[in-house]
């Protein structure tokens, strides 16, 4: 099988159920999720040693679930069974709670930074937020699996929490934004 098909040479691409322009909101959403998955692979690769075994395992599952998001979005219409479910989003919430338990309370905004792993996870967080915006744009024009929006919203929170946990594991303090006041209540 050849990797090139030449079918996209005119600015269109295939999705499940037809062809659309390559700048279609559906293609943009799927492409941004694919970009996120690539950055996530890079972040996983930066996690060396036993101290990150749990994160690597969790994030490998997320990589598969990002493919599920893309699969659900690649369908024209909603006349098919969805792969992304509320249970997946609920699992992300339990992971957020687990990783958050490793970190100190925050009172200020956190700047992206700290350890190498934390920086990689912050990149994933920002690309995830962009993917979420692209899916919102798509959902305004066409019916989609709405659980993808909840999943991506929680996923960006997971990346933030994991980034903070990575800093704690490396004994590197979070970089606080100091030009503003305290914005979070102590728990």
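Derivation of every value follows stated rules applied to the coordinates shown; laboratory data play no part. Not measured: the values here are computed from a predicted model.
Compute the distance from the alpha-carbon center of region 69-121 to that of region 135-170, in whole Å.
Using only Cα atoms, the two centres lie 4 Å from each other.
Note down the relative contact order for region 12-176 as a percent, whole number, built from C-alpha pairs under 8 angstrom at least six residues apart.
31 percent
What is the helix-to-structure angle for 53-73, meaning the angle in degrees between its Cα long axis and the longest Cα principal axis of the chain, kept from 0 to 90 and rounded to the nearest 10?
Tilt of helix 53-73: around 30 degrees.
Counting each DSSP H run of 4 or more residues in the chain as -39500 (n - 2.57), what helix-only mean residue ellipticity at 222 nm follows after dividing by all residues, to the nearest 500 deg cm²/dmol?
-20000 deg cm²/dmol
In terms of the Cα gyration tensor, with a ≥ b ≥ c the square roots of its eigenvalues, is region 104-175 rounded because a/c is under 1.5, prolate because a/b exceeds b/c, or oblate?
prolate
GNM on the chain, C-alpha springs below 10 Å: top fluctuator among 41, 31, 77?
Of 41, 31, 77, the most mobile in the Gaussian network model is 77.
For a quick check, take a GNM of the chain with Cα springs below 10 Å and name the residue from 130, 26, 108 with the largest mean-square fluctuation.
Taking springs between Cα atoms under 10 Å, the residue moving most is 108.
If you build a Gaussian network model of the chain, linking Cα atoms that sit under 10 Å apart, which residue out of 97, 157, 50 swings the most?
Judging by the Gaussian network model, the answer is 50.
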